[in-house]
Each structure stands twice: as C-alpha cells, then as structure tokens.
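To start, the structure under review is shown below, and the notes come after it.
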Amino acid sequence: MNDRYDKTKLSFFFDTANIPYLEKLWSENLKPYISPKMLRGITTNPNAFKKVNMFRLKEWTDHLPRLCELISNIRQDGDGIVYVQEPCSSMSPDEITRFAEYICKFDDGNTKLGLKIPPYKKVLDIVDDLNMIMETNVTGVSDVGTALFSSSYNVNYVSVIPGRMEEVGVNAKAHLIYLMNANLNGADIISGSMRTIEGLKWVSVLGTIPTIGERVWNEMLDTGFNFMDLNSFYPRDIKMSANAFAPFKDEVNEKLSVDFFIQMDECGKLCFIDWNNLSK
C-alpha cells in the first residue's frame, strides 16, 4: 500500500484546488519550517473544483496537471499524489473504469493522479482493476463499519469525515479510535476536510492523515498556531483504548454519507454531462 510513507511521522494533504492560495501558503508560511516530504499531495472533489469556479470536464483536465506540477515542485520527487473524485457517485463499475482510464492521463508526467471512489460494494469489487490504473481512496465514510468494510479491499486510503460527523452529533472520536485499533489491511485512514485546529489536533493524536483546507490554514495563520506543533500530538507507538464493541451506527451516519454524495454529484453534474457526451 503506502509503503513510501513513514507512518510514525506526521503527514498531511492539502484539501483545496486553489493553486495561487497553495503557492503563497507554501512559499511564505510552510516552506521555511516543514519538510516537503510531510506533504503527501492534494485531495480534490467536485466541491473543491466548484470553489475555484470549475464545473466542466475540460476545466478539470486543464487544472489537474497544474495541481500535480505544484506537488512535484514542492516535493522534488515523484512520490506525491493528487486525488480526483469521480463526478457522479452512481456511475457503474464500467463507467468508473473508463473514467479512470481517461482522467489518469492528466498528470504532469511526474506526480500521479489517484481516484476517489464511494464505499459501494459494486465499486469496491473492482478496486484491484482500478489500482492498475490509479491508486484508490474510498471517500465520504461516516462510520467505523463502512471504513472497516472498505479497508478489507485493496484500497490505499479510506477517508472518514469526522468534521461533518461532529456537526450532526456523531461521536467521531469513538469511531476513529475503534478504527485505528483495527487491522486495516494496509490502508491508511484520512481525516477529511477538517473544520478546526482542535479537530486537527485530535485526529493527529489518533495517527490519521488529515486533509487541511483553506479554513483551517487560515485559522492557523490568524492565531499563530505552528503546524509543526502537531508533532507533539502525533503518536509514535501510542494507541488509545478502544471499546470491545464497535460504536453505534444509525440513520444519522448513513444520511451524512448519502448527503455527502448528493452534494458532490450536484457539484459535478456538468462535468459528468461532459464526460457522458465524450464517452458516447
């Protein structure tokens, strides 16, 4: 799986497609203080493209090589990755495979693209085939059971959404503690779209890999919080105690994931239309 990364050391993903923002953030605020190898890459989704006013397939494919180039320039190697999400969560396995074969070509020739997929069995069943094309990252997960099910396949990452979970009253900590004590079959756990510095701290305590967007970077800059201080939270051989039984999952968790994909599908609908027209 992700053997190229040291799992005992803090690492993270940028969680925005805003290249001017990231260039300025890196050159002025991060480069003097942190190793570029701490940056695993960039995660995007249809909502991230919407935030930079990109809705069409051509806009995505023009922008993805530039995101890859940014990571190549920062890391100065070919081990980073930029994740792109399929534009519609209801795509069939055949459609997803053809989309992966198409979109994977839009890198910079160095940093590769990976594919974010939903945690649906029909998609997980083709993970081995997808991994031959692009590394896979299961996204939109809001409960430990779905995360464990997804990690039983040969995925590189499972992305849990603890910030969204907490917003609707789900005990995200209990789910992540249980998850991080499990045998994850080589998958790494991402804590996606963190909302606050405090959230960033506790997901670091658990040894997950945060994706950090503009909101939290801005909070760090505004408050003077040093990103490297997260090393004091990040575990080496520490695991918090988990209960014997998995945390409770109910309709709230399921609705949260369903709503996540509804939002992404709405943001990606024009790109999906373009893709359908192209692939006919």
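What follows draws every value from the coordinates through simple rules; no lab data is involved. Treat the numbers as computed from the prediction; the structure is a model and nothing was measured. Glycine gets a Cβ as well: all are built from the backbone with ideal geometry, and neighbour counts include every protein chain shown.
Tabulated data for the structure shown
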quantity: Under 19 Å from the Cα of Lys255 - aspartates and glutamates, other chains or at least 8 residues apart; calculated: Asp143, Glu166, Glu167, Asp265, Glu266
quantity: DSSP-defined beta bridges in segment 12-279 - what % are antiparallel, rounded to 5; calculated: 0
quantity: Among Phe99, Pro32, Leu57 - extreme Cα towards positive end, dipole of the chain, charges at beta-carbon; calculated: Pro32
quantity: Over segment 173-273, equivalent-ellipsoid semi-axes from the Cα gyration tensor in Å; calculated: 26, 23, 12
quantity: The chain - charge dipole about Cα centre, Lys and Arg +1 at Cβ, Asp and Glu -1, debye rounded to 20; calculated: 260
quantity: Choice from Ser92, Ser72, Ser191 showing the highest fluctuation, given a GNM over the chain with Cα pairs closer than 10 Å; calculated: Ser92
quantity: Evaluated at q = 0.14 Å⁻¹: base-10 log I(q)/I(0), Debye formula over Cα of segment 12-279; calculated: -0.98
quantity: Sum of side-chain charges, Arg195 neighbourhood, beta-carbon under 15 Å (Lys, Arg +1; Asp, Glu -1); calculated: -3
quantity: Pair Lys249, Tyr21: separation of 7 Å Cα→Cβ label points (nm); calculated: 3.1
quantity: Axial C-alpha extent at least 20 Å, average Kyte-Doolittle at least -1.0 - helices from the chain (DSSP); calculated: 57-75, 251-267
quantity: Residue-averaged 222 nm ellipticity for the chain, from DSSP H runs of 4+ at -39500 (n - 2.57), nearest 500; calculated: -12500 deg cm²/dmol
quantity: GNM flexibility winner over the chain from Gly80, Gly224, Gly109 (Cα, springs under 10 Å); calculated: Gly224
quantity: Built amide H within the under 5 Å cut-off of Asp188, gap 5+; calculated: Tyr157, Val158
quantity: Cβ crowding within 10 Å averaged over residues, with 267-276, 152-161 ranked highest first; calculated: 152-161, 267-276
quantity: Potential extension, Asn154-Asn181 segment - 0.36 nm per residue separation minus Cα distance; calculated: 7.9 nm
